[in-house]
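Trainee: There's a structure below that I have some questions on.
The values are calculated or read from the model by the stated rules, or taken from the named source; none is laboratory data. Remember, predicted model here, so these are calculated numbers, not experimental data. Here the Cβ is made from the backbone with ideal geometry for all residues, glycine too, and neighbour counts use every protein chain on show. The protein model used for the area step is the full one, side chains on, heavy atoms only, and it has no ligands, DNA or RNA in it. Shrake-Rupley method; radii C 1.70, N 1.55, O 1.52, S 1.80 Å.
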Amino acid sequence: MNDLKSFVRGHYHKIVQMRRDLHQIPETAYTEENTARYVANVLADLGISVSTGIARHGVLGLKRFGSAGKTLMFRSELDALPIVEQTGLPFASKNPACMHACGHDGHMAMVLGAAAVLCEMDPELCGQIKFVFQPAEEGPGGAELMIKAGIMESPLVDFVLGCHLWPDIAEGRVGVRSGPLMAAMDRFDIKISGRGGHGAMPHLCVDALEIGTQVVGALQRIVSRQMNPLSPTVLTVGQFESGTAFNVIPGEARICGTTRTFDPIIWESWPSRIEAVVRGVCHSMGADYQLDYKQGYPVTVNDASMCDWVRQWAAATVGSENVMEPEPTMGGEDMSFFLKAAPGCFFFLGVGRIGGAPIHNPHFDFNENVLLTGVEIYCRAALSLLRKS
């Protein structure tokens, strides 16, 4: 294809319309029935073989080209967030308290757009492409379940590619980083059981709220006093619930939080470290506890060779001066499971602009021209890795 950029631009209105259609029907993790149906219908209309209902609502499109060859996989997410949209867009969410505030509508539109373009370029390619749309990226994570269902096999995936719209990078730039890009992400839930009673009689009680405050403070000291400061780690308590009235000492407290790290040894040590802190504080104060620790997503690690390829494809798309290396982020991604199963790259597309909102914000939106960049990079990947010799 001599003028790929113009060819991709010819699909602009279709790509934007798909993004806007999807933006209006957001669905949270494992409820993505309408979103999955929309995606499956687009793929089927392109003549792509479609499998649905994988890991509940996951969709797999398989496009085989004329002759045998490698298998390339493009991945997107289906799910949205439980956020009330405040963008005021004419195509705003029609689902109350649910919004595509993390760019997944754009991610789906780019993969579908690449499918549309590449189906028209069929004679130039060999091998096959898997177009994967996974549920529940925002948690608890659908990628691992799709892998267990066999989507990386028959045919075996040789290369994986995915991207994320990223407000921390200026609009028009592409971020590519080899090695660790996003942190391992876990969740913990703690229930503290004391003995409630009258606020005027603390000596007859075991104050779960006060014990909970000590637990929160002690948990923070894991990072500040047990971790090497040269190894980035985060422990955040995001929820603390206790008490029912001003004059009642609570008999129960609930604490919920997350840990983040790039270090696999630290990742494995989190449960025992947190258990030791909670046990020590609670038992010293006469309380019982329950700890539920769930390991979430491993570190998102990009393959160095694939990153070299993506930098070349991105430079051909936006110019080498607009390809940069982003800082690692403590955000987590279950794209990490796909990258453990096959060599690949998860890259960032910059959507940052003055006055723009961050992801997971009710005002998040982006310049839809950026979608063309993502589609073109996907298409260049296919032309490079699956081109007939």
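Trainee: If you scan segment 8-35, which residues turn out to be open to solvent by less than 10 Å² (accessible area, probe 1.4 Å) and either free of Cβ contacts under 8 Å to residues at least 60 places away in the same chain or in contact with a strand residue (DSSP E or B) (Cβ under 7 Å, 6 or more places away or on another chain) (or both)?
Mentor: Pro26
Trainee: Next question, about the same structure. Pick from segment 59-96 the residues that are closer than 19 Å to Ile48 by Cα and among the polar types (S, T, N, Q): which of them is surrounded by the fewest Cβ atoms within 10 Å (Cβ to Cβ)?
Mentor: Ranking the qualifying residues of segment 59-96, first place goes to Ser67.
Trainee: Within segment 272-286, does at least one residue satisfy the condition of being more than 22 Å from the chain's Cα centre (by Cα) and in a strand (DSSP E or B)?
Mentor: no
Trainee: Select from segment 131-151 the residues that are farther than 22 Å from Met182 by Cβ and either open to solvent by less than 10 Å² (accessible area, probe 1.4 Å) or modelled with pLDDT under 95 (or both) and list them in ascending order.
Mentor: Phe131, the sole residue that qualifies.
Trainee: Assess whether Ser51 counts as being of a type in the set (S, T, N, Q) and either under 19 Å from the mean Cα position of the chain (by Cα) or open to solvent by less than 20 Å² (accessible area, probe 1.4 Å) (or both).
Mentor: The answer is no for Ser51.
Trainee: Next question. So if I check each of Leu156, Leu181, Leu112, Leu89, which one is under 22 Å from Tyr297 (Cβ atoms) and in contact (Cβ under 8 Å) with a residue 24 or more places away in the chain?
Mentor: Answer to the selection: Leu181.
Trainee: Hey, another quick one. Based on this model, can you work out whether Pro123 counts as in a helix (DSSP H, G or I) and either free of Cβ contacts under 8 Å to residues at least 24 places away in the same chain or open to solvent by 40 Å² or more (accessible area, probe 1.4 Å) (or both)?
Mentor: Here the answer is yes, as Pro123 does meet what is asked.
Trainee: Follow-up. Is it the case that Ala253 is part of a strand (DSSP E or B) and either surrounded by fewer than 17 Cβ atoms within 10 Å (Cβ to Cβ) or of a type outside the set (Ser, Thr, Tyr) (or both)?
Mentor: So Ala253 passes the test.
Trainee: Out of all the residues in segment 257-279, is one or more among the acidic types (Asp, Glu), over 19 Å from Ile211 (Cα atoms), in contact (Cβ under 8 Å) with a residue 24 or more places away in the chain and out of contact with any strand residue (DSSP E or B) (no Cβ under 6 Å at 6 or more places or on another chain)?
Mentor: yes
Trainee: Something else about it: Is it the case that some residue within segment 169-188 is of a type in the set (Val, Ile, Thr), modelled with pLDDT of 95 or more, over 30 Å from Phe133 (Cβ atoms) and assigned to a strand (DSSP E or B)?
Mentor: No, because not a single residue in segment 169-188 is of a type in the set (Val, Ile, Thr), modelled with pLDDT of 95 or more, over 30 Å from Phe133 (Cβ atoms) and assigned to a strand (DSSP E or B).
Trainee: Looking only at segment 215-232, filter to residues that are under 19 Å from Val278 (Cα atoms) and either assigned to a strand (DSSP E or B) or in contact (Cβ under 8 Å) with a residue 60 or more places away in the chain (or both); which one of those is most open to solvent (accessible area, probe 1.4 Å)?
Mentor: Per the stated criteria, the residue is Ala218.
Trainee: Still on this structure: From Gly238, Gly319, Gly257, grab the single residue that is at pLDDT 95 or above and out of contact with any Ser or Thr (no Cβ under 9 Å at 6 or more places or on another chain).
Mentor: None of the others qualify; the one that does is Gly319.
Trainee: Okay, moving on. Taking Ala40 as meeting all but one of (1) within 30 Å of Gln295 (Cβ to Cβ); (2) in contact with a Ser or Thr (Cβ under 7 Å, 6 or more places away or on another chain); (3) crowded, with 20+ Cβ neighbours inside 10 Å, write down the number of the exception.
Mentor: Against the list (1) within 30 Å of Gln295 (Cβ to Cβ); (2) in contact with a Ser or Thr (Cβ under 7 Å, 6 or more places away or on another chain); (3) crowded, with 20+ Cβ neighbours inside 10 Å, Ala40 comes up short only on (1).
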